[in-house]
């Protein structure tokens with residue numbers, strides 16, 4: 001991406017450093033390094049019966065102008081370093097004068113965990129930081145990646161303690177549309193990966209990708225309509241049976257009973273986390289956000305495609321009159337903030353990829369600094 005990049009006060013800009021920064025046509029000179037200290041902390045939730053463990057990196061000099069960035073991962077991810085993305089980000093930010101808190105999420109519980117329960121935890125984290133004497137008057141911001149960005153969006157829409165917001169590859173369109181599109185692309189990319197690594201039989205060739213993906217997406221489009229129309233789980237289950245599960249069962253011909261087949265589907269598709277994403281509507285939150293916002297996506301991100309999602313984020317924020325918004329697309333970057341080999345039509349590697357090779361060390365080297 002080329003051109004001058006101008007940001008509003010207290011918006012922090014993330015880019016890929018070194019070679020990757022040059023490819024993105026962004027400057028790669030960092031501000032002079034600032035020493036920082038690391039503190040292991042315990043953050044109480046609710047009545048204090050549950051605590052989250054975290055690491056706070058604090059620059060040597062703090063004061064009224066100190067900014068604090070709280071890093072928010074998706075609710076399914078439990079470790080604070082987030083595959084190395086957040087540990088790298090914390091180091092770069094704190095070397096450039098920003099205090100950073102990254103924390104372990106509470107253990108993922110399929111029966112209860114969703115973006116909404118995670119948002120409550122993040123609100124507790126924000127309150128914890130605000131209570132610290134040295135950060136009582138600091139500007140606190142949320143930096144959320146992927147579904148973590150959706151969580152940050154929810155919190156920022158209802159908390160006056162959030163002073164800036166950074167979306168990293170965050171959904172800006174309705175969850176139903178996003179989920180179906182990501183599912184279709186995910187199947188195609190998985191089959192491409194499977195074909196290239198010979199994980200599956202040769203029948204999963206490129207020519208069949210669209211046919212297989214379309215069949216799965218058709219079933220889930222029915223499911224998406226049901227969960228957006230109904231709130232009663234028993235009604236959802238019955239409609240799923242009547243409207244598409246019976247047809248899928250007869251087509252798949254699995255060696256289990258229809259009831260067993262349905263129970264397997266229910267176990268995955270009726271998790272609060274799954275339903276919350278299919279029901280997610282950014283415009284329920286974006287118009288309420290009145291703080292500076294930076295939204296970043298990669299041009300090679302098939303999970304959260306840059307153009308439509310950045311457009312959706314900007315449009316939703318504009319509905320509430322927020323003009324303090326900057327969107328950036330980083331050339332050839334994927335969802336995991338790596339530069340993707342142009343010779344592949346799928347991500348050669350992601351932390352979640354199914355691959356027989358040992359995962360390589362993530363080549364993530366973000367350079368981060370505040371732009372006044």
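The values are calculated or read from the model by the stated rules, or taken from the named source; none is laboratory data. Given the structure is predicted, the values throughout are model-derived calculations rather than measurements. Glycine also receives a Cβ, built like all others from the backbone with ideal geometry; neighbour counts cover every protein chain displayed.
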**Message:** With the requirement that a residue be part of a strand (DSSP E or B) and either more than 16 Å from residue 276 (Cβ to Cβ) or free of Cβ contacts under 8 Å to residues at least 60 places away in the same chain (or both), what does region 121-160 give you?
**Reply:** 139, 140, 141, 142, 143, 145
**Asked** Could you list, in sequence order, the residues of region 186-203 that are crowded, with 18+ Cβ neighbours inside 10 Å and either in contact with a helix residue (DSSP H, G or I) (Cβ under 8 Å, 6 or more places away or on another chain) or at pLDDT 95 or above (or both)?
**Response** 187, 188, 191, 192, 195
**Prompt:** Among the residues of region 52-68, which ones are out of contact with any helix residue (DSSP H, G or I) (no Cβ under 6 Å at 6 or more places or on another chain), buried (at least 17 other Cβ atoms within 10 Å of the Cβ) and either at pLDDT 90 or above or on the phi > 0 side of the Ramachandran plot (or both)?
**Reply:** 52, 54, 55, 56, 58, 67
**Asked** Within region 103-111, is there a residue that is in contact with a helix residue (DSSP H, G or I) (Cβ under 6 Å, 6 or more places away or on another chain) and either loosely packed, with under 14 Cβ neighbours inside 10 Å or touching a residue at least 40 places away in the same chain (Cβ under 8 Å) (or both)?
**Response** no
**Request:** Look at region 108-120 and say how many of its residues are more than 16 Å from the chain's Cα centre (by Cα) and assigned to a helix (DSSP H, G or I).
**Result:** 1
